[in-house]
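In what follows, a single structure is set out as structure tokens and then discussed.
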Amino acid sequence: MAEIRVEHVAKTFGHFTAVKGVDFTVEQGSFFVILGPSGCGKTTTLRMMAGLELPTSGRILLDGEDVTALPASARDIAFVFQLFALYPHMNVRQNIGFPLKCQNYPRAEIKQSVEETAKLLRIDHLLDRRVGGLSGGDRQRVALGRAIVRRPKAFLMDEPLGALDSEFRRLMCGELRELHDRIDATTVYITHDQLEAMAMADRIVIMNQGCVEQIGTPQEIYDRPNTMFVADFIGAPPMSFLKVQAALQRGDRSIRIDGAAIEMPEVFVDRAEGEFALGVRPENVSFADASQLRGRVIGAEYLGTTQIVTVTTANGQVKARLPSGKAVRVGEQVGLALRPDRLSLFDASSGQALS
Ligand code: ATP
């Protein structure tokens with residue numbers, strides 16, 4: 001187990017800066033997810049943590065020791081980029097033991113470590129089988145075994161389940177998280193799938209265009225997004241934004257929308273006026289006769305126990321998550337109530353949350 005500190009790290013390729021002063025700490029024993037859209041700098045950041053890429057500036061610390069200039073081989077970190085790249089001509093035992101054999105471990109020690117690892121992954125009954133004949137799940141477990149057999153200080157995983165179909169991927173996510181807990185590892189895991197990140201992470205860093213947008217637990221990020229980018233990236237469907245023109249005094253707690261006043265739970269604003277975006281998640285919108293906001297239903301998406309209803313208003317489109325039993329007609333005029341204690345307010349030009 002190790003703590004990894006990424007300190008103001010930047011990386012420039014020619015004239016292009018892929019990572020712009022990223023700063024975060026991966027706590028010892030935690031499952032830490034780097035989340036963000038394609039090209040935001042996740043892989044470059046992870047490769048610098050692994051020692052596969054040298055930062056242009058900044059430092060990487062492993063348990064407080066500056067390892068920035070150390071090569072990958074000297075860092076005692078396992079980098080896993082694809083969990084199913086096995087050696088087909090070897091059996092399970094040889095596949096798992098391969099990293100130890102490469103480092104010339106004594107035979108007896110390899111045997112013991114491989115058997116312990118296989119037990120941990122519940123594949124000890126498969127040790128003498130060829131990997132070619134194994135099920136997809138067992139192949140993944142063998143690949144995981146190969147990554148954990150030498151008990152590195154940390155695992156860095158770059159979309160390890162990326163090529164799997166979605167159902168199998170969910171299953172493996174659960175297993176991976178469970179394994180992490182059992183072996184008390186420190187894991188850094190890259191994904192661009194927000195649902196996967198929310199399900200697996202202790203903490204998430206969200207990156208965008210080479211910068212950190214927010215770091216926090218899944219719940220902090222979901223409930224209190226720092227920026228409109230985060231609010232839009234997290235949640236399925238994401239947060240809706242309503243344009244509100246406000247003339248708020250310092251200490252004012254109400255926002256006027258469509259003629260009605262919404263009392264905000266906290267004093268968000270220290271700026272007199274401007275254009276704001278009021279953010280609301282679908283589960284915090286309901287239909288109400290005595291409503292704060294009026295609009296017209298333009299679509300409904302059935303999801304089993306709930307439905308997502310899209311309503312267009314003078315202030316923008318809002319999505320509401322309603323019980324699927326609720327009768328909704330496209331084209332009908334409805335009143336909407338927004339849960340005031342669950343609203344976010346953003347500066348519409350900078351996208352920053354006002355809090
Ligand atoms: P993805 O999810 O698509 O893998 P990512 O968030 O992991 O994306 P990176 O692979 O870190 O993003 O790439 C960030 C940016 O840096 C991209 O625009 C990429 O083209 C660029 N980049 C990465 N490696 C190099 C390189 N060796 N030379 C030049 N540009 C690079």
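The values are calculated or read from the model by the stated rules, or taken from the named source; none is laboratory data. These numbers were taken from a predicted model, which means no experiment stands behind them. A quick note on method: Cβ atoms are made from the backbone with ideal geometry, for glycine too, and the neighbour counts reach across all protein chains shown.
In table form, for the structure just shown:
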{"quantity": "Verdict on Pro160 being in a loop (DSSP other than H, G, I, E, B), under 24 Å from Ala74 (Cβ atoms) and within 16 Å of the ligand (Cβ to nearest atom)", "calculated": "yes"}
{"quantity": "Single residue of the range 154-184 satisfying the filter (touching a strand residue (DSSP E or B) at 6+ places or on another chain (Cβ under 6 Å) and not hydrophobic (A, V, I, L, M, F, W, C)) that is nearest to Pro88 (Cα to Cα)", "calculated": "Pro160"}
{"quantity": "Check on Leu176, part of a loop (DSSP other than H, G, I, E, B), crowded, with 17+ Cβ neighbours inside 10 Å, of a type outside the set (Val, Ile, Thr) and on the phi < 0 side of the Ramachandran plot", "calculated": "no"}
{"quantity": "Long-range neighbours under 7 Å by Cβ, at least six apart or interchain, first residue assigned by TED's automatic domain parsing to the domain that holds Arg321 within the range 295-306, second surrounded by fewer than 12 Cβ atoms within 10 Å (Cβ to Cβ) and small (Gly, Ala, Ser)", "calculated": "Arg296/Gly331; Val297/Gly331"}
{"quantity": "2 or more residues basic (Lys, Arg): qualifying strands (runs of 3 or more DSSP E) within the range 1-82", "calculated": "4-13"}
{"quantity": "When residues of the range 182-198 are limited to those that are more than 16 Å from the ligand (Cβ to nearest atom) and in contact (Cβ under 8 Å) with a residue 60 or more places away in the chain, the one nearest to the chain's Cα centre (by Cα)", "calculated": "Thr187"}
{"quantity": "Matching residues in the range 12-55 - criterion: being polar (S, T, N, Q) and either away from the ligand (no atom under 12 Å from the Cβ) or not assigned by TED's automatic domain parsing to the domain that holds Thr217 (or both)", "calculated": "Thr25, Gln28, Ser30"}
{"quantity": "Options Leu134, Leu144, Leu86; residue that is in contact with a helix residue (DSSP H, G or I) (Cβ under 6 Å, 6 or more places away or on another chain), closer than 28 Å to Gly174 by Cα and in contact (Cβ under 8 Å) with a residue 12 or more places away in the chain", "calculated": "Leu86"}
{"quantity": "Search result, residues across the range 302-355 that are under 17 Å from Asp289 (Cα atoms) and not in a strand (DSSP E or B)", "calculated": "Lys326, Ala327, Val328, Arg329, Gly331, Glu332, Arg339, Pro340"}
{"quantity": "Among residues of the range 325-351, those that are in contact with a strand residue (DSSP E or B) (Cβ under 6 Å, 6 or more places away or on another chain) and surrounded by fewer than 14 Cβ atoms within 10 Å (Cβ to Cβ), counted", "calculated": "3"}
